[in-house]
Amino acid sequence: MATDETTPLSPTDEVVGEPSEPPPLPAEDEATRAARAYKFPCGGCGADLAFDPREQAPKCPYCGHVAPAPDSSRAVRENDLLAALEKAAERRAEVARKEDLNEVRCDNCHATVQFQGALTAQRCPYCAQSMAREGVHESTQRLAVDGIVPFQLDDAKARANLAQWVKSRWFLPSALARKGIGAAFQGVYLPFFTFDALTANRWRGMRGEHYYVTVGTGKNRHTQRRTRWYPASGSFRRFFDDVLESAGAGLPADELAALEPWPLAGLKPWAPEYLAGYFARTYERALPDCFADARGQVERELDLEVRRRIGGDVQRVLSIDTDWSALTYKHVLLPVWMASYRWKSKTYRVVVNAATGEVQGERPWSWLKIALLVLTLGAVVAALVAIANAH
């Protein structure tokens with residue numbers, strides 16, 4: 001899949017509350033311009049097919065013709081992570097060498113002029129002719145998409161889930177809670193990397209067990225908690241499957257995390273038909289950066305595992321030595337419905353996990369409702385204090 005071609009993504013937003021022109025996409029969503037839409041002509045009427053979540057196949061929205069479903073019999077391949085990281089390091093070193101020194105021949109006097117570092121424009125020291133070099137960028141070679149979780153929910157179901165989400169939000173402005181959010185959804189595939197790893201771990205720690213003693217005399221007599229510490233050590237192996245890391249830069253990490261879990265067991269081998277009618281964003285975070293974060297996830301899990309094995313009331317982890325093997329990765333696309341809406345001249349974004357229906361997003365707050373709640377709670381507390389004092 002050639003994912004370096006781009007098509008702008010500009011969903012149309014319906015306005016709730018105050019009529020105005022549709023707002024622009026939030027700044028963090030501008031990366032969707034690095035997207036590509038796949039189009040397939042209908043065999044019945046020639047219109048563009050769109051992948052239908054109910055049919056799980058491309059379907060014509062006009063004549064109803066359903067094209068063959070993508071072949072899902074193949075296994076989604078795992079890729080050698082160490083080899084990919086080595087290639088990435090070689091590409092970055094090559095870019096660094098090019099950026100350190102670059103020679104350009106002057107078009108006017110034909111002298112050779114050296115450009116150093118990030119300098120891209122200067123004057124020829126021999127004839128004062130303005131000169132520029134092309135920006136040096138990282139290789140445009142892109143990692144192929146290995147798997148995809150197809151859209152499972154259509155936009156009607158996404159709107160229904162959004163309506164339920166609105167009803168469950170506390171302290172929304174009354175008009176918004178009453179009318180709901182009328183926003184046009186855009187289907188987008190977001191880029192992720194998954195990582196597999198087999199870990200062999202040797203650990204040392206201390207197990208703390210609480211006990212209690214009575215100290216002092218008379219009115220100063222009281223119970224103190226103390227802790228006895230015992231050494232603990234051991235080893236174990238643990239396999240990590242499909243540790244997920246976002247490879248995009250458009251959505252906040254906490255918002256993406258709130259959309260989990262993703263049904264990765266339903267991952268299909270990549271086929272362009274899944275993208276018919278949707279957009280797919282290319283990855284913006286390099287594989288080494290994503291693996292560094294995934295490794296952090298694994299190390300936090302290993303720390304929790306060691307603490308469980310130490311046992312006792314409290315634990316101290318002194319060391320964990322980990323050998324990593326069977327390292328693989330997959331580049332995958334996961335589906336979301338995205339929309340923006342306006343309230344009081346401010347733009348908000350909502351995102352629906354198009355595989356599970358989970359809704360996350362931004363929302364306005366009714367500070368009047370919050371203030372009334374605070375005043376009500378204050379009055380209740382004051383009444384309880386008055387009753388207590390009366391007795």
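For the reader, a short list of remarks on this structure follows.
- Among residues of the stretch 268-323, those that are within 22 Å of the chain's Cα centre (by Cα) and within 22 Å of residue 196 (Cβ to Cβ), counted: 21
- Within the set 261, 272, 252, the sole residue that is more than 20 Å from residue 350 (Cα to Cα) and modelled with pLDDT under 95 turns out to be 272.
- Residue count for the stretch 41-59, restricted to those that are in a strand (DSSP E or B), surrounded by 20 or more Cβ atoms within 10 Å (Cβ to Cβ) and of a type in the set (A, V, I, L, M, F, W, C): 2
- Test: residue in the stretch 279-287 that is in a helix (DSSP H, G or I) and under 18 Å from residue 88 (Cβ atoms): yes
- Considering the stretch 257-294, and only residues there that are within 18 Å of residue 85 (Cα to Cα) and free of Cβ contacts under 8 Å to residues at least 12 places away in the same chain, the residue that is surrounded by the most Cβ atoms within 10 Å (Cβ to Cβ) turns out to be 289.
- Criterion applied to 357, 312 was being at positive phi, touching a Phe, Trp or Tyr at 6+ places or on another chain (Cβ under 8 Å) and either in a loop (DSSP other than H, G, I, E, B) or crowded, with 20+ Cβ neighbours inside 10 Å (or both), and the one residue passing it is 312.
- Scanning the stretch 224-244 for residues that are among the charged types (D, E, K, R) and surrounded by 13 or more Cβ atoms within 10 Å (Cβ to Cβ) gives 238, 242.
- Residue satisfying condition, being farther than 30 Å from residue 75 by Cβ and either among the charged types (D, E, K, R) or assigned to a strand (DSSP E or B) (or both), within set 376, 328, 322, 347: 347
The values are calculated or read from the model by the stated rules, or taken from the named source; none is laboratory data. None of the values given here were measured: they were computed from a predicted structure. Here the Cβ is made from the backbone with ideal geometry for all residues, glycine too, and neighbour counts use every protein chain on show.
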